[in-house]
Amino acid sequence: MTTNSTATDRGRAVDELRRSRAYLAEAQKLSHTGSFGWTISEEEIFWSEETFRIFEYDLAVKPTVSLILQRTHPDDRDFVQKTIDLASSGRTTFDVEHRLLMPDGTVKYVHVVANAVQDGRGDLEYIGAVTDITKTRHAELQLRQSEQSLRLTLEVLPGLVWTMLPNGTVDFCNEQILSYCGKTLDQLQDLTCVWHPDEIEEKVGQLRRFLASGTPNEDEFRLLRHDGIYRWHQCRVRPLRDEAGEIIRWYGLLWDIDERKQAEEERGKAFDEVRKLRDQLYQENLVLKEEVDQASMFEEIVGCSDALRQVLVQVTKVAPTDSTVLITGETGTGKELIARAIHNRSRRSDRPFLRVNCAAIPQSLIASELFGHEKGAFTGATQRRLGRFELANGGTILLDEVGDLPPETQVALLRVLQEREIERVGGSQLIPVDVRVLAATNRNVSALIEAGSFRQDLFYRLNVFPIHVPSLRERVDDIPLLVEYLIERYAKNAGKEIKSISRKTMDLFQSYDWPGNIRELQNVIERAVVLSNDNTFRVDERWLRRFDSVNSPFDQSGRRLETQHQLARVAPQKGIGRIDAHRQKELIETALAKSGGRVAGVHGAAAILGIPRQTLDSKIVSLGIVKDRFKSS
């Protein structure tokens, strides 16, 4: 019974030993590490299976020192032999690396460690391990080659390149940066020796921050050159991280930007100089404006007559204010020029100036034109549109022919003048506007008020500062100046040279009544310049007669008509709406006969009667007047 139990225990122990050996062999295989034993006195060597595999010997071969030297690389045999001799001569410990040359010509790297022990008989024995480190050595070799290649690249780069360890130690500077600064690598451990004194504190703090945060950095600073001159450089620093994300080195690149910095500084100085010159010119321009002769301050307003001077004095006084101005005068006297002169002399001169001809816009569209409209406000309103008042915001708007505004638009305009706000057609939002309003008309506004076609409260709002522009017949003294000015302008446009003016022509101009005022004078002069064949300006007398036929006191049948001035005295004073129907019809037919059946226009019946064309159209229908019978055949 005892014998059987002992045998069983021994069997189990043997099995455990076998199992342990199997585990050990597998572990050695996985770690590429074999074990060995070497008894010096008996010259007996023991190898594990993995050791046989590393040396590439068959398991049946008996290991010897000769076999080891046979596999050792020829260049390493002397070293290995000395190590063996040293181990044989006495108790020692060795830890060596050497190469093996395999039968197929490949080279292996092995790491051998061993400790000396004494066996039970007191003999010296070495117990050790041999590890195949070929893959590790190849990786290290590749790494060294990569580092050498990188360093060579950094050396030949034209820029200033440096590297720094995570603790801030500068471990490499290429030759360019060393020669540029005239410093050694040891000296550059203290970077403050090449920084500008004014920037040291800032740069030290910046260096600490990006080393601590691990974030890339880019900056510009002055760097000390070997000749003692500081030059501006741009610096870019980036971290290199390992697989765990830890920074293992910082790489920095510097390049010279001193010329760019100098150019920026020069450009800044140039901008400052331009700004100073601009301000100086502005001031000089203000002074010059005050010194220029008054007549030259008003664009194309030419003349020096007392009547014109009085108007210009009024313009000078009212222009700097924001007062509303009502400009009256006959057609063609230059009311728009006066309005522009007011704008140009005002504090709004650098803002928009918009002119709206109220007589040229259909009644159904005038509100949309002035105040804008919302999308869908009426048929065809496919999108929002800003009106003239919004477009002129901050500037000036001229309402030309303001007497032709329909009643509903007059109400909206009155609100603009009172509240300084508009409402787009189809909208419900009140929009504030900052616009100076100038108005102009060739109508007798008092007569329009009497006729009920113009609101009296609107007239009071517009007539804050009235300016009446004199007709050309009231400025006879200005005609020679105007003629010379217009001849020069039209001759230049036509590519002609006019050196003199016929005395007869000038006398004719100064004696003519000019019902169309300056506009008529412009037309006559332009026509004469176009037709001129020599250097003397002259006008055919018949041209003025033809123009004057419009104002003839006779119709085509030879019947005498009341003149425009007579009609203007009758209708406006009483108000055509307050005259009996028979007299209204008589006045309207007289005006239609005089205008050749025309209602609108400068020489139309509405202008002759001094009432809006809409009012006249309504009267023609209500009185049963057939205007076509007055048209010229």
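The values are calculated or read from the model by the stated rules, or taken from the named source; none is laboratory data. Remember, it's a predicted structure, so these values are computed and weren't measured experimentally. Cβ atoms come from the backbone with ideal geometry, glycine included; neighbour counts cover every protein chain shown.
When Ser364 is tested against (1) farther than 23 Å from Ser618 by Cα; (2) in a helix (DSSP H, G or I); (3) out of contact with any helix residue (DSSP H, G or I) (no Cβ under 9 Å at 6 or more places or on another chain), only condition (1) is not met.
Just wondering, is there one or more residues in the range 213-226 that are among the hydrophobic types (A, V, I, L, M, F, W, C), more than 30 Å from Gln148 (Cβ to Cβ) and surrounded by fewer than 16 Cβ atoms within 10 Å (Cβ to Cβ)?
Restricting attention to the range 213-226, the residues satisfying the condition of being among the hydrophobic types (A, V, I, L, M, F, W, C) are 221, 223-224.
Those left that are additionally more than 30 Å from Gln148 (Cβ to Cβ): 221, 224.
Subset that is surrounded by fewer than 16 Cβ atoms within 10 Å (Cβ to Cβ): none.
Scanning the range 213-226, I find no residue that is among the hydrophobic types (A, V, I, L, M, F, W, C), more than 30 Å from Gln148 (Cβ to Cβ) and surrounded by fewer than 16 Cβ atoms within 10 Å (Cβ to Cβ), so the answer is no.
Being among the basic types (Lys, Arg) and within 28 Å of Ala600 (Cα to Cα) is the filter here; which residues of the range 375-405 pass it? Selection gives Arg388 alone.
Give the residue, chosen from Asn517, Asn444, that is on the phi > 0 side of the Ramachandran plot and either surrounded by 15 or more Cβ atoms within 10 Å (Cβ to Cβ) or among the aromatic types (Phe, Trp, Tyr) (or both). Can you show your working first?
Working: Asn444 fails: on the phi > 0 side of the Ramachandran plot.
None of the others qualify; the one that does is Asn517.
Residues of the range 407-426 that are over 19 Å from Pro362 (Cα atoms), touching a helix residue (DSSP H, G or I) at 6+ places or on another chain (Cβ under 9 Å) and not polar (S, T, N, Q): Leu414, Val416, Leu417, Glu421, Ile422, Glu423.
Could you say which residue among Leu399, Leu386, Leu354, Leu370 is in contact with a Lys or Arg (Cβ under 9 Å, 6 or more places away or on another chain), within 30 Å of Ser471 (Cβ to Cβ), surrounded by fewer than 20 Cβ atoms within 10 Å (Cβ to Cβ) and among the hydrophobic types (A, V, I, L, M, F, W, C)?
Numbers: Leu399 fails: surrounded by fewer than 20 Cβ atoms within 10 Å (Cβ to Cβ); Leu386 fails: within 30 Å of Ser471 (Cβ to Cβ); Leu370 fails: surrounded by fewer than 20 Cβ atoms within 10 Å (Cβ to Cβ).
Testing whether each residue is in contact with a Lys or Arg (Cβ under 9 Å, 6 or more places away or on another chain), within 30 Å of Ser471 (Cβ to Cβ), surrounded by fewer than 20 Cβ atoms within 10 Å (Cβ to Cβ) and among the hydrophobic types (A, V, I, L, M, F, W, C) leaves just Leu354.
Of the helices (runs of 4 or more DSSP H) lying entirely inside the range 44-146, those containing at least 2 residues that are β-branched (Val, Ile, Thr) and touching a residue at least 40 places away in the same chain (Cβ under 8 Å) are 49-55. The number of residues in the range 228-269 that are exposed (fewer than 15 other Cβ atoms within 10 Å of the Cβ), within 23 Å of Asp198 (Cα to Cα) and among the small types (Gly, Ala, Ser) comes to 3. Annotation note: Cβ proximity below 6 Å between a residue of the range 594-608 that is within 14 Å of Thr331 (Cβ to Cβ) and a residue that is among the β-branched types (Val, Ile, Thr) and at pLDDT 80 or above (sequence gap 6+ or interchain) occurs for Val602/Thr331; Ala606/Val599. When the range 179-204 is filtered for residues that are under 42 Å from the mean Cα position of the chain (by Cα) and not in a helix (DSSP H, G or I), the ones remaining, listed by number, are Val194, Trp195, His196. Would you check which residues across the range 236-254 are farther than 13 Å from Gly214 by Cα, assigned to a strand (DSSP E or B) and not charged (D, E, K, R) and list them? Across the range 236-254, the qualifying residues are Gly252, Leu253, Leu254.
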